[in-house]
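To start, the structure itself, in structure tokens.
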């Protein structure tokens, strides 16, 4: 092989290696779930976030996993856990909880915390805590450690005929509606997670969806 | 030691004269550096003096750091001198033999003895400062052998779970909080456990670190001596949110602590009733309720 | 003393890899191995899926660890079948009498893509294999540093980040054990001890061919949800993880098998295949380090493999050995892992020190100082390394009464480590020093390892350990010992032996640019991390205190520059070997060691025409009248190494 041919081969080799690295990084490693912004409401200074929690998200690489969906401006339910909300404002969360429930590993998460008035409304009824050992238990929870927010979402009867088996779920299917308000402070990116061990089939119920962003954990992005 | 050095600069006589000078240089430089480390850097070394154990750790780091310059300078001076002095000169035959000796029993013997003595001393030093400050703030497992010997210590149970710490207070009705306040000038016993994987309770400014293992009570002691804020971080990799598993705590006056604890007791009263009875460890059911691995045919479902 | 058993004399002309029948693409090579691997994976995966239907865990999690693991096992079997590695043992098993000693004379570059029994080919395969490992894991390190540019803004998703951390650590720890033994132990040590072949060429070849498949399996984890347990894989977190954790088990386990194969071969070769006259007291220091390394590996790696097997059982058959609640204990994994893991980190230091003590006398023109002490140092490190593992578990909640003992044994390890400094200082004293590129790298090892060693005292002191355990301080400490030690020695060895291995001389100027940029940016990257750790930053986090942002940014920028220095090496190294190709002169460094007195560079098949008789110690640099190292020196010293007239 001539010197020129060898040089060409080396250059091509390095280019291929570089292309593989860029493809690996851009094509896969940078992948994140989409960010959905809060929607304006009719009341000034208040924004709305609508969330549904599905027992099976129904789409994507893990359709059988539990997960959150957030409603975008067009009314579509997008499978994500990254929610963008404005700083120094009231955020009104409406959660449609379609999954059956169980207990917490630690019942301390029964307590509602960090919301306006320290209360959350289950189907319109206010409560400061929800007992995870009664009724259908707790389906999932929304916990933002840095903001001190903790809201448990009561579960529904998993044996009902109109139980939602694959997301996105519809209003005609069995659900609980949980509402609460949060007063935001300074901008920042705050992680949140669920404390119900809902990663079925994983030890402690804490693998799979619990450890993958876009299912049972994500970020609350508070922006100026 | 054979003696067939081929030029003057490498002769035994020439080098024998320089050794005392190098040693003098070593003593002077390392003395200056060690004094600087002890007096200038020392008081600012982590982790501060918020507790007896933190102050002990600071003293240990300060002491060991003071021993570092003599070692560094010894190696640097002898390597440096050799590299400058005996680097091959232009015009010299680079492949010509230098000196022909394969060892020096005095130098080797001194080296073996000095390193051994230093190492044994360090081990004794470390053992003393481990045992005397009640385990030096480290987790001692369920049956600690180095204890402060104080009765009625403030009991703080640290419950780690993926991915938050909570704190349980058996002397305050078994309430559980997500925040942690500690009274100053108080001997504290941390009982660290986990509900799932291995975590680690690292209260940096308190000089406390103890792994949180499921079904194990890991005990660590500390005595607060300064007011202020401390950071609690998880220090064993515990999964996706390991990096975000932290919170802040406060050492406050004893009166403020009583006030905070009473307020928390009232505020959490409803949920405290739902908690399991206080215990050194907790095993949430493996039968789906609380996180299953074998659902629904868990052989231990009814444990 | 070694007897020459080989039938061939190095002049044979037959070609073909083991069991090679046909020609072209079907001749066993990496291509048939890949085909075999794919078929094997499909079969294994199918079996796994077919008999685990109805498993609750599989249904609930949407993933099937049994199929995953059986798929990989099938892939490995298919891979080796495709390589032709199974032909010889299978023929033997059925009573056939295959050619006992397949030729190792294949010419051309294609032999590097085959299962070959030539230790020199395996050495070169290892060199490039380990470089690919190193650069892949190095890129992952840069990905980690990119995330840590900001305390709160996230480049990667947190799950991706922690998977990158685990991949970086596991990949680096897998390659570091083989980074000296693989390329230089396999290539140079047989030449140094004057043998025509190694004791177990099939084991040696097998040990290399495990590494590409374990690389592929481990890296594929990133595309399967990764593993969030880091390279330490602490249970029960590693039991909880998804199928990505299986790539950790298989990747690490296969690399463990590779290490056992490689070390068995090197130990047997050094003990049995030394040339006449190569007595224990004349064995090169490198040989002593490889021997200590080999024994330590053979004794410690099976514990890792056992631990991984237990972990695999917990994950697939749903035993409960590694977590409480059903009778197991998470401490079991911690102990099994570190009983391997601590000897392992000395497996990384010993070969680095071996290279240092081997190469420094060449550029000092003096005998290695305190030869017996250096050998004793390696053996001391190897033995002590089995008695220190619980220092990783000082805060773990184990019974504390053993802590003073483990503190003592850990600090005792400073004594044999100190021997290496004694050897270096004594060898340089009254020497005639040439600061060539390999010499600079060896001196760099002494400079860097000093910080690694001294901070080891902090880490081993239990009261200080309370503050630094699991922090960036520990992380900086072991990067100083591993990267600052063995990797610097590795690069020095590349510069040193490339003329022998390839027949081409590398540029001193480019080599020195590489050295100076690498040592400056290495220290600039890892020195601040001691402070970062002492100031309270735990390892493997993606969020940290704002007050540490400046230091972290400094480290990240330095890491990019360190990466640039290594990229500079990669480009200049490949360019000089593939394009400029400057032929070397014979024995360019003026070494006395036997490997340089082969007939040509690279050495011919079977190394020597006849087994040399060793006449003297290889380090007689101080005595102009010393006998040559072997009787072949006078026969070969005037030959042109690369066939010039």
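All of the numbers you see were taken from the coordinates with simple rules; none came from a lab. Small disclaimer: the values here were computed from a predicted structure and weren't measured. Here Cβ is always computed from backbone atoms with ideal geometry, including for glycine, and neighbour counts include all displayed protein chains.
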### Query
What do you get when you divide the Cα radius of gyration of chain B by 2.2 N^0.38 Å, with N the number of residues?
1.48
#### Entry: Whether chain A is rounded, prolate or oblate, judged on the alpha carbon gyration tensor where a/c under 1.5 counts as rounded
prolate
### Task
May I ask you to give the average projected area over all directions of the convex hull of the Cα atoms of segment C:116-580, in nm² rounded to one decimal?
21.5 nm²
#### Entry: residue C:623 paired with residue A:39, simple spin-label distance in nm, labels 7 Å along Cα-to-beta-carbon
9.2 nm
### Message
Restricting to DSSP H runs of at least four residues, report the calculated mean residue ellipticity at 222 nm for chain A, -39500 (n - 2.57) per run over all residues, nearest 500 deg cm²/dmol.
### Response
-3500 deg cm²/dmol
## Note on the structure
Rounded to the nearest 500, the 222 nm mean residue ellipticity computed for chain C from DSSP H runs (n ≥ 4, each -39500 (n - 2.57)) alone is -20000 deg cm²/dmol
### Query
What list do you get for B:50, A:1 if you sort them by fewest beta carbons within 10 Å?
A:1, B:50
### Query
Modelled label-to-label distance, residue A:157 and residue A:116, 7 Å Cα→beta-carbon offset: nm?
3.4 nm
### Query
In µm²/s, what is D for the protein assembly as shown at 25 °C and 0.890 mPa s, where D = kT/(6 pi eta Rh) by Stokes-Einstein and Rh is the Kirkwood radius from Cα pairs?
77 µm²/s
### Query
Hey, got the average number of other protein chain Cβ atoms within 10 angstrom for residues in C:528-539?
3
### Task
Determine one quarter of the surface area of the Cα convex hull of segment C:202-296, which equals its mean projected area, and express it in nm² to one decimal.
7.3 nm²
### Message
Given contacts defined as C-alpha pairs under 8 Å and at least six residues apart, what's the relative contact order of segment A:1-65, whole-number percent?
### Response
13 percent
## Note on the structure
Here the FRET efficiency for residue B:9 versus residue A:2, based on Cβ atoms and R0 = 51 Å and rounded to 0.05, is 0.50
### Message
Run the numbers for residue C:549 and residue C:570: contour at 0.36 nm per residue of separation, minus the present Cα-Cα distance, in nm.
### Response
4.5 nm
### Message
What are the equivalent ellipsoid semi-axes of segment B:154-274, built from the alpha-carbon gyration tensor (square roots of five times its eigenvalues), in whole angstrom, biggest first?
### Response
22, 17, 13
### Query
Mean shadow of segment C:409-497, computed from the convex hull of its alpha carbons, in nm²?
6.4 nm²
#### Entry: Percent of beta bridges antiparallel (DSSP, the protein assembly as shown, rounded to nearest 5)
70 percent
### Query
Which whole-number percentage describes the relative contact order of chain C, with Cα contacts under 8 Å and a sequence gap of 6 or more?
14 percent
### Task
Evaluate the Debye formula for segment A:91-224 with equal point scatterers sitting on the alpha carbons, no solvent, and hand back log10 of I(q)/I(0) at q = 0.12 Å⁻¹, in q order, two decimals.
-0.46
## Note on the structure
Ranked on Cβ counts within 10 Å of their own Cβ, fewest leading, C:223, C:617 go C:223, C:617
#### Entry: FRET efficiency estimate (nearest 0.05) - Cβ-Cβ, residue A:134 to residue B:77, R0 51 angstrom
0.10
### Task
Would you mind ranking A:140, C:514, A:31 by Cβ crowding within 10 Å, fewest neighbours first?
A:31, C:514, A:140
### Query
When DSSP assigns beta bridges and you keep just the ones with both residues in segment B:154-274, what percent turn out antiparallel, to the nearest 5?
70 percent
## Note on the structure
For segment B:154-274 the mean separation of alpha carbon contacts under 8 Å (6+ apart) over residue count, i.e. relative contact order in percent, is 28 percent
#### Entry: Virtual spin-label span in nm between residue B:28 and residue C:524, 7 Å along Cα→Cβ
3.2 nm
